[in-house]
Amino acid sequence: MADIHSSLMPFLRMLPPEASHRLAISALKWGLGPRDRSPDDPVLATSVWGLDFRNPVGLAAGFDKGAEVPDAMMAAGFGFAEAGTVTPLPQPGNARPRLFRLSADQAVINRFGFNSDGLEPFVRRISQRRRGAGPFGANIGRNKSSSNGAADYETCIEAVTPHVDFIVINISSPNTPGLRAMQEPEALSRLLASAVAARNRAAAGCGRQPPLVTKISPDLAGNELEELADVALDAGVDGLTVVNTTVARPGGMSDPGRHEAGGLSGAPLFPMAIDAVGRVYGRTQGRIPIIGSGGIASGAEAYTMIRAGASLIQFYTAMVFHGPGLVRQIKSDLARHLQRDGFAAVADAVGTDAGRKRPPARPDAPRPEEASGTRIPVPAFAGAVAAHYPGEGAEAHP
Ligand SMILES: Cc1cc2nc3c(=O)[nH]c(=O)nc-3n(C[C@H](O)[C@H](O)[C@H](O)COP(=O)(O)O)c2cc1C
């Protein structure tokens, strides 16, 4: 595997970012992904919505938009995985280039605009996935050309319900015109009511009732975040993913790519994500589980997110820079933090910083590879993922 990795790397680094990502997905399909064979520390086990998670560290949406590699990602050690965003009909998304690696900021900007193979192949693939490794969710969206967004979400919900453990309603991508308008209270209330009804109809037909989760933006002004949490609770939604990518460009970023339009993810998003999770938890007080997402790259950051109020956490961008070996590193560091502070289980730590002084935006703890003094091992797949965007000296997007 190391040989495949070494020989592929120079080639992968020369590819445009999206082509590298495609190759990463192909490598996973070929079985070249990493396998985390060691059992997770029991302190990481948790239960949310009555579902058992062997660890709370998940793969965020967008990496596996078409549900092509759910089994490979679970084998890499994630406690749960989310595929999508899928739209009812196939659509190409925005023109390329639409994906930018900001190495200096440990960040990514994307403006994919829901490129999707559509529901039909997505459902076929998820119906064939291996069960049992951990909860698996579908993230759903609307077609750009659709005149009835709510109907698109209903169509997706009815199609995926028999095959998934949870469903994420994505109304927070910044890259589909008008999508974020669906976060306005009245529109959201109507949308979520129709989504819950669609899920209940589908559940009656198949005997499975996956929880419905709403994924929200970090770019809400004033107390819109709190209002949105209220609407979700009233509508009977089961969870909130906090947060999606941001259109903001936080101060201190230096990579020339920061001026690209699109949604920013990775390290600069972390303080916004912690703030949003803390606020949503403060409002909901544990009545609705939160999946924390945004800039997590270490066990210390996962722990901070959990203490701010997240029952589960997800990441994507850090994997681009550190490879999928990071999953294992985050899990073991998170277990260490929980044990150090005397928590017997993840659930006991959830929201423990709520109501107190906000936890530090970025913990002082060193990055995992600095802590150990060694580089995280990079298997073949990691090379493909790391080359998902061009490396130093090969920037396609200055
Ligand atoms: C290239 C890329 C594509 C993404 N596509 C989606 C998507 O299709 N649907 C979605 O809900 N979130 C998408 N996201 C957002 C991630 O799921 C995640 O919420 C966000 O990136 C913050 O986490 P991170 O900083 O760990 O990446 C995407 C992120 C990236 C970097």
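Here, each number is a calculation from the coordinates, and none is a lab measurement. Not measured: the values here are computed from a predicted model.
Can I get the semi-axes of the range 2-386's equivalent ellipsoid? Compute them from the C-alpha gyration tensor as square roots of 5 times the eigenvalues, in angstrom, largest first.
One finds semi-axes of 28, 25, 21 Å for the range 2-386.
Anyone know which of A345, A95, A193 comes out most mobile in the 10 Å Cα GNM of the chain?
The residue with the greatest mean-square fluctuation here is A95.
Please work out how many pairs of lysine residues in the chain are eight or more positions apart (or on different chains) and have Cα atoms closer than 28 angstrom.
Lysine pairs satisfying the spacing and distance rule in the chain number 10.
For the range 108-176, compute Rh as the Kirkwood radius over C-alpha pairs and then the Stokes-Einstein diffusion coefficient at 10 °C and 1.306 mPa s; write the answer in µm²/s, rounded to an integer.
Rounded, D is 121 µm²/s.
Calculate I(q)/I(0) for the range 54-182 by the Debye formula, one identical point scatterer on each C-alpha and no solvent, and give its log10 at q = 0.10, 0.13, 0.20 Å⁻¹ to two decimals.
-0.31, -0.53, -1.15
Could you list log10 I(q)/I(0) for the range 148-195 at q = 0.14, 0.18 Å⁻¹, which the Debye formula gives when each Cα is one point scatterer?
At q = 0.14, 0.18 Å⁻¹ the computed log10 ratios are -0.35, -0.56.
In the range 181-248, if every C-alpha pair distance is counted and binned at 5 Å from zero, what percent goes to each bin?
3, 17, 26, 23, 15, 8, 5, 2, 0
Considering only DSSP beta bridges whose two residues both sit in the range 2-386, what percent are antiparallel, to the nearest 5?
Roughly 30 percent of the DSSP beta bridges within the range 2-386 come out antiparallel.
Using Cα pairs closer than 8 Å and at least 6 residues apart in sequence, work out the relative contact order for the chain, in percent.
22 percent
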